[in-house]
Amino acid sequence: MRITLNQLHNLPVETQSGEHLGRVVDVELDADRHEVVSYYVKTKSLLPGLFEQLLIVDRRQVVSITPEKLVVEDAVSRDAERGSVVEPEPNAPAG
């Protein structure tokens, strides 16, 4: 299956167990190898704009991608709870 960058943008991200993590806001590409390295996910927030963080998901943590959602390993959620979520850098993608 092929999917465009436009289709990836704002794609919901869930864990294998169905927990909603957020939405894809950008991807990092390895230009030499022509492949996705990681996905940038803006985490969910009860109040939009407040307490949102950027989670970087390595491509090896992705279980599946469909036009409806990107599914990641359950460990991604546990990593986010432990503080493996990164703060956006000044030049990081904005959502």
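What to note about this one:
- The lone criterion from (1) exposed (fewer than 15 other Cβ atoms within 10 Å of the Cβ); (2) modelled with pLDDT of 70 or more; (3) more than 18 Å from Ile3 (Cβ to Cβ) left unmet by Ser77 is number (1).
- Listed by position, the strands (runs of 3 or more DSSP E) enclosed by the stretch 2-46 that each have at least 2 residues that are of a type in the set (Phe, Trp, Tyr) are 35-43.
- Condition check for His20 on (1) in contact with a Phe, Trp or Tyr (Cβ under 7 Å, 6 or more places away or on another chain); (2) modelled with pLDDT under 95: one failure, at (1).
- Tally of residues being farther than 21 Å from Glu35 by Cα and without any contact (Cβ under 8 Å) to a residue 60 or more places away in the chain across the stretch 1-16: 2
- Taking the conditions (1) surrounded by fewer than 12 Cβ atoms within 10 Å (Cβ to Cβ); (2) modelled with pLDDT under 95; (3) among the small types (Gly, Ala, Ser) in turn, Ser45 satisfies each one other than (1).
- Screening the stretch 19-39 for residues that are surrounded by 13 or more Cβ atoms within 10 Å (Cβ to Cβ), without any contact (Cβ under 8 Å) to a residue 60 or more places away in the chain and not hydrophobic (A, V, I, L, M, F, W, C) and picking the one that is farthest from Gln7 (Cα to Cα) gives Glu19.
The values are calculated or read from the model by the stated rules, or taken from the named source; none is laboratory data. Note that the structure is predicted; figures quoted are calculated from it, not measured. In this analysis, Cβ positions are derived from the backbone assuming ideal geometry, glycine residues included, and neighbour counts consider all displayed protein chains.
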